[in-house]
Amino acid sequence: RDGLRRESEMLFESVLRDNQPLLTLLTADYTFVNERLARHYGIPNVYGSNFRRVTLTNQARRGLLGQGSVLTVTSYPNRTSPVERGKWILTNLLGVPPSPPPPNVPPLREETADGKPRSLRESLEAHRANPVCAGCHRAMDPIGFSMENFDGVGHWRTTDHGLPIDTSGTLFNGATVNGVAGLRQMLASNPDVFVGVMTEKMLTYA
């Protein structure tokens with residue numbers, strides 16, 4: 001946990017101190033890891049407890065969207081949450097937070113009527129059948145699904161409970177993405193939005 005937090009702090013610090021474009025927080029092809037965190041991510045040839053800068057060869061890991069800190073705080077203790085990840089990006093990167101959920105939202109049904117396991121995508125598709133829920137979920141869910149190759153603590157995976165992961169979807173602006181690299185490209189293609197939101201947050205913090 002401490003290592004995940006330190007990684008994000010060091011990325012922000014490097015952007016600040018090296019006077020890099022703010023968009024680097026999304027697109028950086030490097031990160032900061034020690035041996036334990038490198039093992040967590042599958043990055044080879046990093047030894048010792050000291051953090052050092054490493055170049056990322058996996059495009060999915062670039063910037064904040066590939067960091068375990070963000071991926072963990074947007075997950076539940078027992079599984080990922082495309083809803084929470086979508087909400088986090090809408091709120092913190094795009095500045096358009098969704099409305100609060102209505103009261104008494106039923107839990108997701110993770111099995112079909114005959115007891116067969118459902119994928120998380122299938123469970124949320126059934127949830128969106130409720131018109132009260134559909135409006136916000138149409139914006140949140142596709143964003144979150146594009147990040148589903150990361151598990152709840154940021155490990156890379158291609159299946160979930162033995163079912164293949166589908167990261168494709170159509171976003172709220174009509175853009176079609178498949179995976180976190182496509183999501184990052186979409187966010188970076190309109191830098192004024194991201195920079196505006198980050199500026200507002202920095203001023204609020206100040």
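With every protein chain in place and a 1.4 angstrom probe, the accessible-area ranking of 81, 189, largest first, reads 189, 81.
To the nearest 10, the accessible area of residue 9 is 80 Å² with a 1.4 Å probe. The label point for residue 189 and the one for residue 161, both projected 7 Å from the Cα toward the Cβ, are 3.3 nm apart. What does a probe at residue 15 reach in the range 160-195, counting residues whose amide N is under 12 Å from the point 7 Å along Cα→Cβ? Zone members listed by number: 188, 194-195. A Förster radius of 25 Å, combined with the Cβ-Cβ distance separating residue 22 from residue 50, puts the computed FRET efficiency at roughly 0.35. Each other residue within a Cβ distance under 11 Å of residue 64 adds +1 if Lys or Arg and -1 if Asp or Glu, for a net charge of +2.
With contacts taken as Cα pairs under 8 Å at a separation of at least 6 residues, the chain carries a relative contact order of 20 percent. Shape summary: the chain maps onto an equivalent ellipsoid whose semi-axes, from the alpha-carbon gyration tensor, are 30, 22, 14 Å in decreasing order. Rounded to the nearest 500, the 222 nm mean residue ellipticity of the chain from helices alone is -13000 deg cm²/dmol, with -39,500 (n - 2.57) taken per DSSP H run of at least 4 residues.
The values are calculated or read from the model by the stated rules, or taken from the named source; none is laboratory data. All of these numbers come straight from a predicted model, not from anything done at the bench. Reconstructed Cβ throughout: ideal geometry from the backbone, glycine too, with neighbour counts over all protein chains shown. Note: areas computed on protein heavy atoms with side chains; ligands, DNA, RNA excluded. Shrake-Rupley method; radii C 1.70, N 1.55, O 1.52, S 1.80 Å.
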